[in-house]
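Quick notes on the structure that follows.
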Amino acid sequence: MKSRILVLLFTLALLLAASATVVLHTEQGFAMASYAWAKLRGGYTLDDRIRMHATDVEARLKSKFDAAGVPYPPAKLAYIALKDKAQLEVYARNDRLEEWRHILTYPILGMSGTTGPKLREGDMQVPEGIYRADFLNANSRFHLSIRLNYPNDFDRAQAAIDGRSRLGADIMIHGTTASIGCLAMGNKAAEDLFILAALIGKENVEILVAPTDFRQGLAFTADAKPGWLSELYLDLQTSLRRFPPKD
């Protein structure tokens, strides 16, 4: 009887170990385990994360910066998310007078909602607009994350005109593949985007989120709803034209 119980306990332990191994090899499982460990140790600082990931990120990216003729790390970064293509393009330059250079493009692995702006909390929409990196979260439940400054001044102004409140917040570019109004990039891509921003300072990162690539023309009618959408999309088209389309 005792030996049978031991065999059962040993089998259960093996099953738990196997299950843990499978979970840790998923994007979300790894992120959850990392988050739990971060909480146990009292959290990570930004410098901790740079020490943990900077070498691997440089190994993945430096050759791409070299090929584009931009120093690594650069002085300025732009992250351009195109909803209809489910892609995030990375551009960089080393001086505000230089032209932007395309470095690489990542697939967006998780993105809730459809094309169109975010209007209220809980609508599951990824915002559309011209944003900046507002906060670098070194202790995210989604591995690493960059918070957008949504709602920005434009979002707030249009909401006031429309009479809307509760616009939502905490819109992130983060790891894993799960999204509720955020851009889920997978853990490795999140490390790249996060560490780049950490190395040069979040104030040097601009983020554009567009429903489509307006460099190829505008894709909406004059009666687009809400009424201010035409203005937003014209602004996005103007901003996007600063970035040469990728080859």
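The values are calculated or read from the model by the stated rules, or taken from the named source; none is laboratory data. For clarity, every value in this text was computed on a predicted model and none was experimentally measured. Reconstructed Cβ throughout: ideal geometry from the backbone, glycine too, with neighbour counts over all protein chains shown. Surface areas here come from the heavy atoms of the whole protein model, side chains and all, with no ligands, DNA or RNA. Shrake-Rupley method; radii C 1.70, N 1.55, O 1.52, S 1.80 Å.
Here's the yes/no breakdown for (1) over 30 Å from residue 56 (Cα atoms); (2) in contact with a Gly (Cβ under 8 Å, 6 or more places away or on another chain); (3) basic (Lys, Arg):
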| site | (1), (2), (3) |
| --- | --- |
| 160 | yes, no, no |
| 165 | yes, no, no |
| 181 | no, yes, no |
| 194 | no, no, no |
| 215 | yes, no, yes |
| 231 | yes, no, no |
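With respect to the conditions (1) touching a Gly at 6+ places or on another chain (Cβ under 6 Å); (2) open to solvent by 10 Å² or more (accessible area, probe 1.4 Å); (3) modelled with pLDDT of 95 or more, residue 170 falls short on a single one, namely (1). Within segment 160-176, can you find the residues that are hydrophobic (A, V, I, L, M, F, W, C) and either without any contact (Cβ under 8 Å) to a residue 12 or more places away in the chain or part of a loop (DSSP other than H, G, I, E, B) (or both)? Result: 160, 167, 169, 171.
Which residues, counting only those in segment 35-77, are part of a helix (DSSP H, G or I), small (Gly, Ala, Ser) and either under 18 Å from the mean Cα position of the chain (by Cα) or modelled with pLDDT of 95 or more (or both)?
Of the residues in segment 35-77, the ones part of a helix (DSSP H, G or I) are 35-41, 46-68.
From the residues that got through so far, the ones that are small (Gly, Ala, Ser) too are 36, 38, 54, 59, 63, 67-68.
Across segment 35-77, the qualifying residues are 54, 59, 63, 67, 68.
Please indicate, with yes or no, whether at least one residue in segment 185-193 is within 21 Å of residue 64 (Cα to Cα) and free of Cβ contacts under 8 Å to residues at least 12 places away in the same chain. The answer is no; no qualifying residue exists. The set of residues from segment 178-197 being over 11 Å from the mean Cα position of the chain (by Cα) and either open to solvent by 20 Å² or more (accessible area, probe 1.4 Å) or of a type in the set (Asp, Glu) (or both) comprises 178, 180, 188.
Within segment 95-108, residues that are open to solvent by less than 70 Å² (accessible area, probe 1.4 Å) have Cβ atoms under 6 Å from residues that are part of a strand (DSSP E or B) and polar (S, T, N, Q) in these pairs: 105/87, counting only partners at least 6 apart in sequence or on another chain. Note on segment 103-120: residues that are under 30 Å from residue 63 (Cβ atoms) and either over 15 Å from the mean Cα position of the chain (by Cα) or in a strand (DSSP E or B) (or both) total 7.
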